[in-house]
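Report on the following structure.
Read-outs throughout are calculated quantities, based only on the coordinates presented, and are distinct from any laboratory measurement. Given the structure is predicted, the values throughout are model-derived calculations rather than measurements. Ideal geometry is used to build each Cβ from the backbone, glycine not excepted, and the neighbour counts take in all protein chains shown.
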Amino acid sequence: MASLRIEIWKIVIFASFLFYICYITLPILSVFVRVGSDFITQLSNPVVVSAIKLSIITSSVTALVAIVVGTPVAYALARWRFRYKHALETLIELPIVLPPAVAGVALLMAFGRNGLVGSYAPMDIAFTTLAVIMAQSFVATPFYVRSMKSAFDNLDTKIEGVARTLGASEFRTFVSITLPLTVPSFVGGLVMCWARALGEFGATLMFAGNFIGRTQTMPLAIYSALQTDLQSALSLSVILIILSFTILVFVKIFGRRVGAFV
Amino acid sequence: MLRWLAITTMVAIMAVMMLGCLHDNNEITVFAAASLKEPFEKLADNFEEDTGTQVGLNFESSTTLRIQIENGAYADVFASADPLQIEILRNKGIVNESYVFAKNELVVAISNNTNISSLEDLANQKLRIVIAQPGSPIGKYTQEVLLNLNNMYGEDFYDKVMKNVVSEEDNVKSAYAKILLGEADAAFVYRTDSVHTKFIEIPKEYNVIAEYEIAPITPRGREFVRYVLSNKDVLRGYGFIED
């Protein structure tokens, strides 16, 4: 009787597992099945090409900005002690859970023509490529900051202390000791940030609009193409699936390899 | 293994089918062009009062709605801003009968703090113009009007205006929203959308008349279609041209 119960339990687990795998695989597989041989020809479709270009450029700029701005922020959050630190940390992480549509509206209210800041800006920001990067940065940078902050948190400060007693300046210690030790988190955080920027849709649509070559990134192009040209929507989807999969595999392999000797 | 795959798939399909049946049987689901939002909300309210049957409304670009219906979205009624979407569904055997029930025309909605005073100004530099994407009915009409206007203002008018376009929105309501927000200077919309801001008329000979068609998709939908057809005065009240 007891063994029968275990068997049923196993079956339940197995069925759930199988169901879930099918549930994830089927939609993705369907995109590949439907796109067929048209995929190659779509790669020369100007709309598809400009969406790919714009997506790569904007998400890469977003990733660079995250490094420049996010690294000091993560460092301060991990190492410094100041008032309201937890509140500020929560605020910084807010865009991770915030619905992108809210981010879009918020950016409009701040940087739009009639926005708190935007009305004083010398140029219009909304509907420009800059707006795309701003939308992506808003939602994606926290992924990098969070990853780097935990790297700084978990780093053994004794190693840095040794470097300091050997005469290295604080800056020198940071560059040649602290930063190299954070490489796994750096790569992981950066890739997540980049991937999130690449997939950004809601905030971009609201704040940057939808214009080919200027603000129409791949997710927006998919959305638009659904109305006119299903094949290019499918082709862009295939590219994003492949990119996302590659990113994930890369993070997993890289994480494992680095984890082995750190 | 194979048997398990088959069983799991069956269970999954049954679960999905059960969820699919979850829509309220007492409700009539109406898919309607975004520009029909205000009159159809009113018509639905009246219909609910008169018959006691609830109406569920889904507003989007007619093209998006048509694609949703093609791909199996449940709708009892489809009201489109152009006959083409209905025609596509008719060719697929999803729609059998349809009726023109209203007409509309295009205007150029302008934001309150812009200095546009004529259609010709749309070709001026540094303007921010928003249009609906060419796949949607309003987007297609916009292209037609712009090409017509070439005859009035010269060959490069179309190109100059298109250079000022900063965004191609999914439907007419999102295009008009950019005017309401003050983010864009001008947008091509239906006359019936431009109720909160100023607008510029497009001369009759260059304008396009949009024909709205309504079609029942299920037998249950007929009741609501008949209701719309016999209450066209509601649409007139919102500025639609009666057919």
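Please compute the length gained on full extension between residue A:96 and residue A:117, using 0.36 nm multiplied by the number of residues separating them and subtracting their Cα-Cα distance.
So the chain would gain 5.2 nm between residue A:96 and residue A:117.
By average Cβ neighbour count within 10 Å, what is the ranking of B:128-135, A:116-123, A:35-42 from highest down?
Packing order, densest peptide first, comes out as B:128-135, A:35-42, A:116-123.
Counting Lys and Arg as +1 and Asp and Glu as -1, each charge on the Cβ, what is the dipole of region A:101-217 about the Cα centre in debye, to the nearest 20?
Approximately 40 debye in magnitude.
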Next item on the list: Taking only the C-alpha atoms, wrap a convex hull around region B:167-243 and report its volume per residue in Å³ as a whole number.
Entry: 131
Next item on the list: Would you mind computing Rg(Cα) / (2.2 N^0.38 Å) for region A:41-261, counting N as its residues?
Entry: 1.15
Note to self: As I understand it, the dipole of chain A uses +1 on the Cβ of Lys and Arg and -1 on the Cβ of Asp and Glu, about the Cα centre. Which of A:97, A:36, A:8 lies farthest toward its positive end?
What the structure shows: A:8
Item checked: Peptide-level mean, for A:208-216, of C-beta atoms on other protein chains within 10 Å -> 5
Margin query: Restricting to DSSP H runs of at least four residues, report the calculated mean residue ellipticity at 222 nm for chain A, -39500 (n - 2.57) per run over all residues, nearest 500 deg cm²/dmol.
Written below: -25000 deg cm²/dmol
Checklist line | Net length gained if the chain between residue A:82 and residue A:29 were fully extended (0.36 nm per residue, minus Cα distance) | finding: 14.1 nm
Next item on the list: Compute the semi-axes of the equivalent ellipsoid of region A:1-126, taking the square root of 5 times each eigenvalue of the Cα gyration tensor, and list them largest first in whole Å.
Entry: 42, 31, 15
Notebook entry, point to check: Which value, in debye to the nearest 20, gives the size of the charge dipole of the protein assembly as shown about its Cα centre, when Lys and Arg are +1 and Asp and Glu are -1 at the Cβ?
Noted result: 2660
Item checked: Karplus-derived 3J(HN,Hα), 6.51/-1.76/1.60, for each residue of region A:214-221, Hz, glycine and proline x -> 10, 10, 7, 6, 4, x, 5, 5
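Taking 2.2 N^0.38 Å as the expected size of a compact globular protein, what ratio does the Cα radius of gyration of region A:84-141 give against it, to two decimals?
On the way: Rg = 12.4 Å, N = 58, 2.2 N^0.38 = 10.3 Å.
My calculation over the Cα atoms of region A:84-141 gives 1.21.
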Item checked: Calculated FRET value between residue B:11 and residue B:117, using beta carbons and R₀ = 45 Å, to 0.05 -> 0.10
Next item on the list: Find the percent of Cα-Cα distances in region B:104-209 that exceed 16 Å, and round it to a whole number.
Entry: 50
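What's the magnitude of the charge dipole for region B:104-209 around its Cα centre, counting Lys and Arg as +1 and Asp and Glu as -1 at the beta-carbon? Answer in Debye, nearest 20. Spell out each step's value before the answer.
Details: 10 positive and 15 negative charges, 49 e Å.
My answer is approximately 240 debye.
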Check: Per residue of B:134-141, how many C-beta atoms from partner chains lie within 10 Å of its own C-beta, taken as a mean?
Finding: 2
Next item on the list: Determine which lysines satisfy two conditions relative to residue B:37: a Cα distance under 28 Å, and not lying fewer than 8 residues away in the same chain.
Entry: B:92, B:103, B:140, B:173, B:178, B:198, B:204, B:232
Notebook entry, point to check: What does the average come to when, for each residue of peptide B:162-168, you count the partner chain Cβ atoms lying within 10 Å of its Cβ?
Noted result: 5
Notebook entry, point to check: Within chain B, which is the longest segment containing none of the GluC sites (Glu not before Pro) that sit in a DSSP loop and have at most 15 other Cβ atoms within 10 Å?
Noted result: B:1-96
Check: Based only on the alpha carbon positions, what is the Kirkwood hydrodynamic radius of the protein assembly as shown, in angstrom?
Finding: 26.3
Item checked: Stokes-Einstein D (µm²/s) once Rh is taken as the Kirkwood radius of chain B over alpha-carbon pairs, at 10 °C in 1.306 mPa s -> 82
Note to self: Taking only complete DSSP H runs, can you tell me which helices of chain B stretch 15 Å or more along their own long axis by Cα positions and average at least 1.6 on the Kyte-Doolittle scale?
What the structure shows: B:2-20
Check: Between residue B:241 and residue B:156, what is the FRET efficiency for a Förster distance of 30 Å, r being their Cβ-Cβ separation, to the nearest 0.05?
Finding: 0.40
